[in-house]
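Inspection log for the structure reproduced underneath, given as C-alpha cells.
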Amino acid sequence: MKTRRSWHWASSIFLSYLLVLPTEMSAAPQGAGQRAGEVSRVIPAVSIGRGGKTLNAAAKSEVDWQDQINTQANARARVLLDDGSVLNVGADSSMRVVKHDAAAQQTELELTYGKLRSQAQKLSRPDGKFEVRTPAGVAGVVGTDFYLEYGNEQMQVIVFEGFVRVCNLAGDCVLVKPGQMTSVRHGDNSPPTLVQAPLSMLTSATTDTWNGGSLAVAVPSVAAHSAWSTVFLIGALAAIPAVLVPVVVTRNQSTTPACQAVPGGPQPHCVK
C-alpha cells in the first residue's frame, strides 16, 4: 500500500511538470539562443543583455536572437550578421536583434533608442524581409545602406544607398531614396514627408556610428560608388569658396592701387 501511494505521488508530480512545461516554453522568446551573428568591433563600454543577464561584449562575442546590444557614452559596436549584413550601433543606444534567419532572409531589429547604421545584404527571396522597428514606426529595406536614429519620440531615417520604406504606426508609408531623409514622430499619424539630406546630416550620420578602422570601411558606399563620391566632392568644393573668398577680398583690399582723377579725363583711372 505504501509503495502504491508513493507511485501515485510521483505520477502526480510528473504530470504536473508536463502541464507546466509547455507554458514555460511558450513564454520564452521565439528563437532565444539561436545564433544571429557576432560582434566584429567594439569600443567599450558595450554590453549584451541575454536572458536577464548582462554580458560584457568583446570582439568575436556571439550575438543570438533576442539579444539586446547596449552602448554607453562614447561607446560603439559593430555587429556582423550571419548573412553578411553589418550593424553599426552608435553611442548611448539600445538595439535588439529580434530575429535573424540568414537562410530565409528574415531579419527583425528593434531600436529602443539611439543611433544605428545598417548595411543590409540585398534580398533575393520574394518573401525576404529586413526591418528595423522603433516606438514611432518601422523601416523596411531591400539591400541598402541607411542610418536610423530614434530619440525624443522621433524616428529619423537617412538613406545612403538603395531604398527604404518608412511607415508610421498608422500604416502611412513613403519610399526614401539615396540622399533623402524622412522623420516620423510617435503618436503623429501624419504621412511622412521626404526632404533632401544636407551634407552636414550625411556627415554626422557617418561619424556618429563610426567605430574605428579606415574611413573606407566606415562609409563603403561613399568610397565605392562614384555617385556618392560626387555628392561629397560637390559639398567639399562648395565649401572652398566660403573659405577662399574672404582671403581674396582681403588681399585685393590691401593691394589695390588708389584711383586718382586725371585732369581733362572723362573717367578716373588707376595709376600704378
Distant-in-sequence amide H partners of residue 163 (H built 1.01 Å from N, under 5 Å): 142
For residue 75, residues with placed amide H under 5 Å, excluding near neighbours: 45, 92
Region 123-210: C-alpha pair distances exceeding 20 Å, %: 30 percent
q = 0.18, 0.19 Å⁻¹, region 26-214: log10 I(q)/I(0) [Debye, one scatterer per Cα]: -1.23, -1.36
Long pairs among 60/99; 129/177; 99/177; 60/122, criterion Cα-Cα beyond 22 Å: 99/177; 60/122
Förster-model FRET efficiency, 35 Å R0, residue 152 and residue 104, C-beta, rounded to 0.05: 0.50
Per-residue Cβ neighbour rank within 10 angstrom, fewest leading, 60, 129, 99, 115: 60, 129, 99, 115
Inter-probe distance in nm under a simple model that places probes 7 Å from Cα toward Cβ, at residue 82 and residue 54: 2.9 nm
Cβ charges +1 (Lys, Arg) and -1 (Asp, Glu), total dipole of region 26-214, debye: 220 debye
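Read the figures in this text as sums done on the coordinates, not as results from a lab. Small disclaimer: the values here were computed from a predicted structure and weren't measured. Cβ atoms come from the backbone with ideal geometry, glycine included; neighbour counts cover every protein chain shown.
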